[in-house]
1. Being loosely packed, with under 15 Cβ neighbours inside 10 Å and either of a type in the set (Gly, Ala, Ser) or at pLDDT 95 or above (or both) is the filter here, so list the residues in the stretch 61-73 that pass it.
2. When you check Ala139 against the structure, is it of a type in the set (Gly, Ala, Ser) and at pLDDT below 95, yes or no?
3. Can Pro78 be described as modelled with pLDDT of 95 or more and touching a Ser or Thr at 6+ places or on another chain (Cβ under 9 Å)?
4. If a residue must be within 21 Å of Gln89 (Cβ to Cβ) and under 14 Å from the mean Cα position of the chain (by Cα), how many such residues does the stretch 145-158 contain?
5. Please determine, by comparing only the residues of the stretch 118-154 that are over 24 Å from Ala165 (Cα atoms), of a type outside the set (Lys, Arg) and touching a Pro at 6+ places or on another chain (Cβ under 9 Å), which one is surrounded by the fewest Cβ atoms within 10 Å (Cβ to Cβ).
Amino acid sequence: MKLALRIGALVVLVAGVVVMKERVRAGRSASPSTVQAAGAPTADVRPEAGGPEAATAGTAGEPLPGSKFASALKSGKPTMAEFGLGTCQACKKMVPVLAKATARYRGRANIVFVDLDAYPAIAMKYKIAVMPTQIFFNAKGKEVGRHMGYFPIEEVAAGLATAGAK
């Protein structure tokens, strides 16, 4: 039984990687992205001509330069970044969890959502195989934990505590 579960998990992981690679190859980086950070309302971030994301959206290198994600990692506060799509069921279930976490950790931690449709290269950079994936970063921007799939608020709190949020 354990072997069957491991094989099933491996199949899901490989399928996720294949889907993300196909998205990167197809160049699906022109859609808008929704990025949310604690203490800030949801912001619609579109690569604009001449704007900071215009030249770098969907490319390797610094994560989304000029975005709330890049700012969150440099803020000196712990950060939870969720990588996903607005269309997947687990991503939709995470919306109220992210809203609660944003309210609960306002001023103490950053909660950020990164739409992988808008930034497919970032999925490769952070090795996102399942959506949504939550990655916890400490105050220095170093990854200290990750989770794949739906994540209840209690476990989000534990992940942020590991990242240093009080």
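The values are calculated or read from the model by the stated rules, or taken from the named source; none is laboratory data. Because the structure is predicted, anything quoted here is derived from the model rather than measured. All Cβ positions, even for glycine, are placed from backbone atoms using ideal geometry, and neighbour counts span all protein chains on display.
1. Within the stretch 61-73, just Gly61 meets the criteria.
2. In short, no.
3. yes
4. Residues meeting the conditions: 7.
5. Ala118
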